[in-house]
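Here, each number is a calculation from the coordinates, and none is a lab measurement. No experiment lies behind these values; they were computed from the predicted model shown. Here the Cβ is made from the backbone with ideal geometry for all residues, glycine too, and neighbour counts use every protein chain on show.
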Amino acid sequence: DTAVSQTPKYLVTQMGNDKSIKCEQNLGHDTMYWYKQDSKKFLKIMFSYNNKELIINETVPNRFSPKSPDKAHLNLHINSLELGDSAVYFCASSQSRGPLGQFFGPGTRLTVL
Amino acid sequence: DAKTTQPNSMESNEEEPVHLPCNHSTISGTDYIHWYRQLPSQGPEYVIHGLTSNVNNRMASLAIAEDRKSSTLILHRATLRDAAVYYCILRDVKSNAGKSTFGDGTTLTVKP
């Protein structure tokens, strides 16, 4: 069973389009995250949700809007895509307030043409 | 956030032990030390974590300095499949944000 899954795995789209990436975890965790990894391989946190509430919102353009319908899902919607949005986006989950680490999904490679 | 520093890259020969160092001189009392690795074209994968005592699991060992300002991830016998970027990060156990800041990590090359 996949612990953290993301769809789609690859996403190729034109500048200006709107797209969504979905994430689901079946680990019973209460916290989920979105990370962006650019071409230089630096892994940067974007958002974190704890029990469906936004608790981390790093300096990310307003074009990025996360939505957490329940604890097991965290989706990322991106409006008006730009070339610089091309990256691999990773979803992760963890249990808050504890020593255990995060479990990451396989990533979604977004290419904006 | 407490920061960690790691060497940019290391090389090892196959079937030899590898010691990956990490400095975290500003670690707080509630920070756990976590190690992840990222294989090519995959998401980061949890390896091991610890607080004060050395830890062993099936993947690796973690040696933590007595003052907790540094730690070392030990791969006892490196294989080609261990070639990856290894990240050392700190996680505040009392924070419900669960935020972990990933640095540049150490790129491990394993030579046959």
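What lysines does residue B:3 reach when the alpha-carbon gap must be under 22 Å and sequence neighbours fewer than 8 apart in one chain are set aside?
Those lysines meeting the cut-off are A:36, A:40, A:41, A:44, B:69, B:94, B:99.
Over region B:12-112, with a single point scatterer placed on each C-alpha, what log10 of the ratio I(q)/I(0) does the Debye formula yield at q = 0.15, 0.23 1/Å?
Computed log10 I(q)/I(0) values: -0.58, -1.27.
Inverting the mean 1/r over all pairs of different Cα atoms, compute the Kirkwood radius of the protein assembly as shown and quote it in Å.
Values: mean 1/r = 0.0553 Å⁻¹.
Result for the protein assembly as shown, one decimal place: 18.1 Å.
Nearest 0.05, what FRET efficiency do residue A:56 and residue B:51 give at R0 = 25 Å with Cβ-Cβ as r?
Details: r = 23 Å, r/R0 = 0.92.
Step by step, r from the Cβ atoms, then E = 0.60.
In nm, to one decimal, how far is the residue B:111 label point from the residue B:39 one, both placed 7 Å along Cα→Cβ?
2.4 nm
Shielding by partners for B:85-92, please: the mean number of other protein chain Cβ atoms within 10 Å of each residue's Cβ.
Numbers: counts 2, 0, 1, 0, 3, 0, 6, 2.
Mean shielding by partner chains, rounded to a whole number: 2.
Working out 0.36 nm times the residue gap between residue A:77 and residue A:2, then minus their Cα-Cα distance, what length gain in nm do you get to one decimal? Before the final figure, lay out the partial values.
Values: separation 75, 0.36 × 75 = 27.00 nm, distance 2.25 nm.
Working it through step by step, the gained length comes to 24.7 nm.
Taking 7 Å along the Cα-to-C-beta vector as the label spot, tell me the residue B:28-residue B:74 distance in nanometres, rounded to one decimal.
So the two model labels end up 3.1 nm from each other.
What Kirkwood hydrodynamic radius, in Å, does region A:2-113 give when the mean of 1/r is taken over all pairs of distinct Cα atoms and then inverted?
On the way: mean 1/r = 0.0718 Å⁻¹.
With all distinct Cα pairs of region A:2-113 included, I get 13.9 Å.
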